[in-house]
Amino acid sequence: MFIGVTCVSFAATICDIFTEVYSVSLPLDDSSFLITTITSYLYFFLRNATIVIYLFFIFAVTRTGYRIRTRLSKFLILFPYLCLVCVVLQNIFTGNVFAITREAGYERRDLILVLYIISISYAPVGTIYLSLCRRFLDTDKWIALISMYIFSFVSIFIQFIYPQILVEMFATSLVFLLIILLVLRPEELTDSFVGIPSFRAYLGEESYNSYIMEISGQIEQLAKKKQIPCEMYFERPGTIYLALDNITFNLEKSLKVLLREIQENTMDFTDTGARLVPRICVIRYPEDLDSYEDIIHFGHEFFGLISYEQFFSKASEIVTSKNYEIKSDMDSILNRAIK
């Protein structure tokens, strides 16, 4: 969907540039007149198609496409755009939206306001929908997605007053850059160990969160059965930190029971192809690591410090290794090297 909206936007940008370039030298010769006429019509079709496809992209990102599966819902979304197409097509015979003449080049007419109103009408719809889906998205993703409507509104206003300043498509490209950086994060969509799409990319945001909640729920049940006071923290993409206040509890013996219960209670997810590949490590505090920062840093690094087959480990065996010392001190090593 993102590739689609990007390609349509790119085509609209080309048309916008061609219209401006070929309508500068007046009076227009035959080729300039033809190119300006074709690209002007194509621009309005493609520019507004970008906004419509972007709305469908929002449905895809929020994993709520099931809400628009009916023909009626799709028709309601497309209806304003279809009206715009009709207004542009009737301009061929009336010239009341815009006109292209050899003497004056491209000129706006009164009904051009109708196109801008229809185009802007998608902004409140998208903004309201994103607000309703706020809980499905991280803050940075939500800001990146909603910035399309903020940037578009400002750029349309500028280009309406100063038509020679082509800022509409430039603003759209900035939004796409934000989306690539903040929404389509490759580290969330690809498993770094094997280089294939991750379970999160398979399941989608909502199902992935449900999967994590189910796993954490099974861990909490085990803690209640064993009467162990604990606190749980989750860090994306899939690290659970469990703080246990019981030095005598043998976690390793309880793991097989825990993993079996998790698998039995997450069959709906495993049927989709998702498979839990656990990496469990016991950290003694403060013997192994004695600060919050060190524990979080260890949580980020220990996956790469153990073999793929090793599902249980102890921090005491890892933090003393030369490999971990080098990785944990990498910043200072690089700083010394740069100096």
Folded to 0 to 90 degrees: helix 292-301 orientation relative to the chain principal axis, Cα: 70
Cα-projected label distance for residue 306 with residue 214, points at 7 Å along beta-carbon direction, nm: 2.4
GluC sites (Glu not before Pro) restricted to DSSP loop in segment 1-107 with at most 16 other C-beta within 10 Å: 103
10 Å Cβ shell holding at most 16 others, DSSP loop, chymotrypsin sites (Phe, Trp or Tyr not before Pro): longest site-free stretch of the chain: 1-192
Residue 31/residue 2 FRET efficiency (R0 45 Å; Cβ-Cβ; nearest 0.05): 0.80
With all protein chains modelled, accessible area of residue 154 [1.4 Å, Å²]: 80
Probe 1.4 Å, protein heavy atoms only - accessible area per residue of segment 221-339 in square angstrom: 71
Shape category assigned to the chain from the gyration tensor of Cα positions, a/c cut at 1.5: prolate
Where segment 8-70 is the region considered: accessible area per residue in Å², 1.4 Å probe: 46
Within the chain: Cβ-based charge dipole about Cα centre, in debye rounded to nearest 20 (Lys, Arg +1; Asp, Glu -1): 820
Extension gain, residue 267 back to residue 334 (0.36 nm per residue minus Cα-Cα distance, nm): 19.5 nm
Stretch gain in nm, segment residue 285-residue 24, where the contour uses 0.36 nm per residue and the Cα spacing is subtracted: 86.7 nm
Close Lys-Lys pairs in the chain, where close means Cα under 16 Å and separation is 8 or more or interchain: 6
Potential extension, residue 221-residue 110 segment - 0.36 nm per residue separation minus Cα distance: 33.2 nm
Percent carbon-and-sulfur accessible area, the chain, ignoring ligands, DNA and RNA, probe 1.4 Å: 64
In degrees, nearest ten, helix 139-161 long axis to first principal axis of the chain (Cα): 10
Solvent accessible area, Å² - residue 317, 1.4 Å probe, full protein context: 120
In degrees, nearest ten, helix 2-22 long axis to first principal axis of the chain (Cα): 30
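The values are calculated or read from the model by the stated rules, or taken from the named source; none is laboratory data. The model shown is predicted, which means the values in this text are computed figures rather than measured ones. So basically every Cβ, Gly included, is an ideal-geometry build from the backbone, and we count neighbours across all protein chains shown. Accessible surface is based on the protein model in full, side chains and every heavy atom, while ligands, DNA and RNA are left aside. Shrake-Rupley method; radii C 1.70, N 1.55, O 1.52, S 1.80 Å.
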